[in-house]
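**Q** I have a structure here, written as structure tokens, and I will follow up with some questions on it.
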Amino acid sequence: MEKNMNIKELAKKLDLSITTVSRGLADYSDVSEKTKKRIKKFAEKYNYNPNPYAANLASRSSKNLGFILPLYGLNSSPLNQISFIQFLSGMYSNLSKNNIQLSMLMARSQNEEKSLYEKLIVEQKVRNIIINNLRINDSRIPLLKKNKVNFVAWGRTQNLKNYSWVDLDNNKSMQIIFDHLIKKNHEKIAFININKKFNFAYQRMKTYFSELKKYKISFDKNLYIEIPKNDSLLSEAVTRKLLKNKKVTAIICCTEYIAAGAIRACNDLKIKIGHDISLITYDSLIVSNLITPKITSISHPTEDLGYNAVKLLMSKNGNDSKNNFYMAKPTIIDRDSVKKL
């Protein structure tokens, strides 16, 4: 079997430096388009597969990307990890195209997560990181800035200064939900949320209140419920309590896992979704394929978020640009779980 060509041999055939070949393969702007085409043509001709670690050494620029997948709290449920799989899929399509090595670690507690970030930065010398599950005030941001790490946040804090982020439009999505429910004559609208220390939950809560005000609907404190974690048993229990209020006509679920608990409560109480009660949720990749009726939901292009997170991270300006962000547009998928009154 013929030995694979290494970058030194490829550079010799091209009569170019190893650095130029490495940077040309990685699409750096300081290499002309003509030279890039020639390099890539030779790489294909000689079946050269670049090693990301070798490319790092050649260019003296780290192209490793760090990502920590939390397996606790919001993401202790396999259901809620689906969004991470979609995000990682979007990341991978951009990582592989740009020959970027992914260093992914998994954390089972907040303390372990903190130590893993320190491991990425101090021990593994990773200079590019994507963080997730943003809190209202997130201690990871000053940590990364202190260590001069190039990073992008999946989500936002309340302070948006001097860092790059990709996120769902949580305000717009709640507005779309209310528009949909109001058009179907709903006014007694409940919202089951999770702990508002997570900024997406805080944003959805704020817009829920503002939409009530916009449509001149009196706020009923019994119709806004916040559960401490993304747990279907907790959402099932609070849904049972909500359903005792005969005036409630629609329930908004902050996550698909909350919706799973709400669906179970309705089924156990013989309350027909889409007839006796209306239900709408954020995302429903799994539950809508498992139950009848299918659940009306707000959908976001999570793969696009992953792709654009890598794109922003590897951009020339990095964190220096105050407008370095990507906002995914929400859409509603109208199914059979919201009844017109």
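**Q** Among the residues of the stretch 239-249, how many are touching a residue at least 40 places away in the same chain (Cβ under 8 Å) and exposed (fewer than 12 other Cβ atoms within 10 Å of the Cβ)?
**A** The total comes to 1.
**Q** If I filter the stretch 189-205 down to residues being part of a helix (DSSP H, G or I) and not aliphatic (A, V, I, L, M), which single residue comes out as nearest to F178 (Cα to Cα)?
**A** Within the stretch 189-205, the first condition is being part of a helix (DSSP H, G or I), and the residues that meet it are 199-205.
This time we only want the ones that are not aliphatic (A, V, I, L, M), so: 199-200, 202-204.
Details: N199: 20, F200: 17, Y202: 17, Q203: 15, R204: 12 Å.
Among those residues, the one meeting the criterion is R204.
**Q** Still on this structure: Is there a residue in the stretch 206-227 that is under 21 Å from N171 (Cβ atoms), within 24 Å of the chain's Cα centre (by Cα), in a helix (DSSP H, G or I) and in contact (Cβ under 8 Å) with a residue 40 or more places away in the chain?
**A** yes
**Q** List pairs: first in the stretch 157-173 and of a type in the set (K, R), second part of a loop (DSSP other than H, G, I, E, B) and open to solvent by less than 70 Å² (accessible area, probe 1.4 Å), Cβ under 9 Å, 6+ apart or cross-chain?
**A** K172/P330
For every residue, the table says whether it meets (1) closer than 19 Å to T255 by Cβ; (2) modelled with pLDDT of 95 or more; (3) buried (at least 16 other Cβ atoms within 10 Å of the Cβ).
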{"position": "D276", "(1), (2), (3)": "no, yes, no"}
{"position": "S284", "(1), (2), (3)": "yes, no, yes"}
{"position": "T292", "(1), (2), (3)": "no, no, no"}
{"position": "V310", "(1), (2), (3)": "no, no, yes"}
{"position": "D320", "(1), (2), (3)": "no, no, no"}
{"position": "P330", "(1), (2), (3)": "yes, no, yes"}
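**Q** Do we have any residue at all in the stretch 172-183 that's assigned to a strand (DSSP E or B) and open to solvent by 10 Å² or more (accessible area, probe 1.4 Å)?
**A** As a first pass, look at the stretch 172-183 and keep what is assigned to a strand (DSSP E or B): none.
No, that holds for no residue.
**Q** Go through the stretch 104-118 and report how many residues are touching a strand residue (DSSP E or B) at 6+ places or on another chain (Cβ under 7 Å) and either open to solvent by 50 Å² or more (accessible area, probe 1.4 Å) or modelled with pLDDT under 90 (or both). Can you show your working first?
**A** Step one: of the stretch 104-118, the residues touching a strand residue (DSSP E or B) at 6+ places or on another chain (Cβ under 7 Å) are 104-107, 113, 116-117.
From what is left, the residues that are either open to solvent by 50 Å² or more (accessible area, probe 1.4 Å) or modelled with pLDDT under 90 (or both) are 104, 106.
Counting residues in the stretch 104-118 that are touching a strand residue (DSSP E or B) at 6+ places or on another chain (Cβ under 7 Å) and either open to solvent by 50 Å² or more (accessible area, probe 1.4 Å) or modelled with pLDDT under 90 (or both) gives 2.
**Q** If you don't mind, another one. From the list N137, N162, N133, which residue is on the phi < 0 side of the Ramachandran plot, part of a loop (DSSP other than H, G, I, E, B) and modelled with pLDDT under 90?
**A** Within the list N137, N162, N133, the selection yields N137.
**Q** Another question, if that's okay. Looking only at the stretch 226-238, count every residue that is open to solvent by less than 40 Å² (accessible area, probe 1.4 Å), touching a Lys or Arg at 6+ places or on another chain (Cβ under 8 Å) and at pLDDT 95 or above and tell me the total.
**A** Counting residues in the stretch 226-238 that are open to solvent by less than 40 Å² (accessible area, probe 1.4 Å), touching a Lys or Arg at 6+ places or on another chain (Cβ under 8 Å) and at pLDDT 95 or above gives 1.
The values are calculated or read from the model by the stated rules, or taken from the named source; none is laboratory data. Every value quoted in this text rests on a predicted model; they were computed, and no experiment measured them. Cβ sites come from the backbone with ideal geometry, for glycine too, and all protein chains shown count toward neighbours. We work out accessible area using only protein heavy atoms, side chains counted, and drop any ligands, DNA or RNA first. Shrake-Rupley method; radii C 1.70, N 1.55, O 1.52, S 1.80 Å.
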